[in-house]
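First comes the structure, then the notes that go with it.
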Amino acid sequence: MQKAEVYLFGQILGTRSFLLKDGFLKPDEYSEIQESYFLPGGETGTAATVLNSLGVSVRMDGTWIGTEVAPMLKAFYADKRVDLSPLHFMEDDPGVMDYVVIAGLVRSPMGRFQTLFASGKRWWSIPQETDISGCRVAAVDPYFREETLRAAEICISQGIPYVTIDSRHDSFLHRNAAVNVISHECTDSEYPGISPEQVMELMTGEAKGLTILTQGGGEMLYGRKGESIQRMKPFSVEVRSTLGAGDTFKAGCVYGLLHGMNDEELVRFASACSAVAISRFPLPLNPPALEEVQGLIDREG
């Protein structure tokens with residue numbers, strides 16, 4: 001087993017992405033595909049790709065990998081410091097995939113996740129202590145029920161700080177996270193009609209760690225229990241595709257924890273990672289490099 005600085009648990013997919021040439025889809029109108037790819041995706045898959053590009057060694061687990069996804073995934077990570085040994089490879093199923101149509105600031109993902117979750121079957125791994133032990137930082141995504149909690153509990157028992165995303169204020173995952181990144185999609189669905197400041201009060205009131213509220217191109221809010229809410233504007237870049245922006249922000253938070261950044265430094269670094277990511281397509285083939293991120297911070301930070 002390879003030595004890894006970071007353990008990631010969550011969604012690992014094959015993503016078929018389509019960048020359109022002249023604006024987003026319109027009913028009954030033809031759309032020209034400018035570029036299309038089949039590459040690793042999912043919150044955890046994308047984070048692994050970004051962290052590798054930032055010089056971090058990763059071990060990841062989560063979604064079971066099927067026959068159509070496995071060859072692409074293995075080939076993509078063959079020359080990278082991403083340990084796939086915990087993954088379960090299926091022999092009789094094509095695997096979990098999503099399909100994303102993109103045009104600048106707009107994208108629309110499609111898949112069969114509602115059907116998969118409603119099936120009652122488990123199609124993801126059970127986290128193992130041996131895979132997490134020895135890592136310095138982790139990221140645990142909130143989608144896999146008891147197994148998600150198990151990953152968090154192992155991290156807590158071993159004193160490994162973890163980053164999570166979109167976990168409610170009253171959840172075990174949020175209360176024990178070193179960092180919880182809340183997207184505007186989460187606040188829209190979980191806290192409708194509540195102001196960002198009120199959401200932050202709810203989140204920080206229950207948290208041991210740092211809460212970051214992202215709002216797309218809007219101002220970010222961040223803070224901790226008993227402290228005043230801090231604000232930061234995102235970096236301004238020309239957007240080519242927003243696919244993977246949030247996953248890259250999460251990866252930046254993991255990097256910040258790993259390197260002992262304070263809250264302001266961590267949020268700024270994660271924001272710069274995300275800004276670099278949205279300036280190119282496809283992200284897996286052009287992930288942010290450390291010198292690019294630091295250069296953006298130096299120029300505009």
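Looking at ASP83, ASP79, ASP61, can you tell me which residue is closer than 24 Å to PHE281 by Cβ and of a type in the set (Asp, Glu)?
Of the residues listed, the single one that is closer than 24 Å to PHE281 by Cβ and of a type in the set (Asp, Glu) is ASP79.
Taking LEU243, is it within 17 Å of ALA47 (Cα to Cα), modelled with pLDDT under 95 and surrounded by 16 or more Cβ atoms within 10 Å (Cβ to Cβ)?
yes
If you check LEU202, LEU285, which single one turns out to be over 23 Å from THR15 (Cα atoms) and touching a residue at least 12 places away in the same chain (Cβ under 8 Å)?
After ruling out the rest, the residue left standing is LEU202.
Check every one of the helices (runs of 4 or more DSSP H) wholly within the stretch 176-287 and list those with 3 or more residues that are among the hydrophobic types (A, V, I, L, M, F, W, C) and at negative phi. Before the answer, list the steps.
Numbers: elements: 184-190, 196-205, 245-258, 263-278.
Answer list for the stretch 176-287: 196-205, 245-258, 263-278.
Out of the residues in the stretch 118-141 that are touching a residue at least 12 places away in the same chain (Cβ under 8 Å), among the charged types (D, E, K, R) and in a loop (DSSP other than H, G, I, E, B), which is surrounded by the fewest Cβ atoms within 10 Å (Cβ to Cβ)?
Within the stretch 118-141, the match that is surrounded by the fewest Cβ atoms within 10 Å (Cβ to Cβ) is ARG122.
Going through THR204, THR248 one at a time, which residue ends up being of a type in the set (Ser, Thr, Tyr), modelled with pLDDT of 95 or more and in contact with a strand residue (DSSP E or B) (Cβ under 8 Å, 6 or more places away or on another chain)?
THR204
Search the stretch 157-168 for residues that are modelled with pLDDT of 95 or more and pair each with any residue that is among the polar types (S, T, N, Q) when their beta-carbon atoms are under 6 Å apart and the residues are at least 6 apart or on different chains.
Sorted first by the residue in the stretch 157-168, then by its partner, the pairs are THR164/ASN180; ASP166/SER183; SER167/ASN180.
Return only the number of the condition from (1) touching a Lys or Arg at 6+ places or on another chain (Cβ under 9 Å); (2) in a strand (DSSP E or B); (3) in contact (Cβ under 8 Å) with a residue 24 or more places away in the chain; (4) under 26 Å from GLY217 (Cβ atoms) that THR15 does not satisfy.
(1)
Right, LEU173: among the aliphatic types (A, V, I, L, M), assigned to a strand (DSSP E or B), over 18 Å from MET60 (Cα atoms) and under 19 Å from the mean Cα position of the chain (by Cα) or not?
When the stated conditions are applied, LEU173 does not pass them.
Looking for something in a strand (DSSP E or B), among the small types (Gly, Ala, Ser) and under 25 Å from TYR255 (Cβ atoms) - is there at least one such residue anywhere in the stretch 54-72?
Yes, some residue in the stretch 54-72 is in a strand (DSSP E or B), among the small types (Gly, Ala, Ser) and under 25 Å from TYR255 (Cβ atoms).
Kindly evaluate GLY256 against the criterion of being surrounded by 14 or more Cβ atoms within 10 Å (Cβ to Cβ), among the small types (Gly, Ala, Ser), at pLDDT 95 or above and more than 23 Å from GLY104 (Cα to Cα).
It is true that GLY256 is surrounded by 14 or more Cβ atoms within 10 Å (Cβ to Cβ), among the small types (Gly, Ala, Ser), at pLDDT 95 or above and more than 23 Å from GLY104 (Cα to Cα).
Specify which of the listed residues (THR248, THR204) is among the β-branched types (Val, Ile, Thr) and closer than 20 Å to GLN294 by Cα.
THR248
Of the residues VAL82, VAL106, VAL50, VAL56, which single one is within 14 Å of SER17 (Cα to Cα) and either within 17 Å of the chain's Cα centre (by Cα) or not basic (Lys, Arg) (or both)?
VAL106
Name the one entry in GLY55, GLY41 that is surrounded by fewer than 19 Cβ atoms within 10 Å (Cβ to Cβ), in contact (Cβ under 8 Å) with a residue 24 or more places away in the chain, under 17 Å from PHE76 (Cα atoms) and not basic (Lys, Arg).
Values: GLY41 fails: surrounded by fewer than 19 Cβ atoms within 10 Å (Cβ to Cβ).
Unique residue meeting the criteria: GLY55.
The values are calculated or read from the model by the stated rules, or taken from the named source; none is laboratory data. Since we're looking at a predicted model, the values are computed, not measured. With ideal geometry, Cβ positions are generated from the backbone for all residues, glycine too; neighbour counts draw on all protein chains shown.
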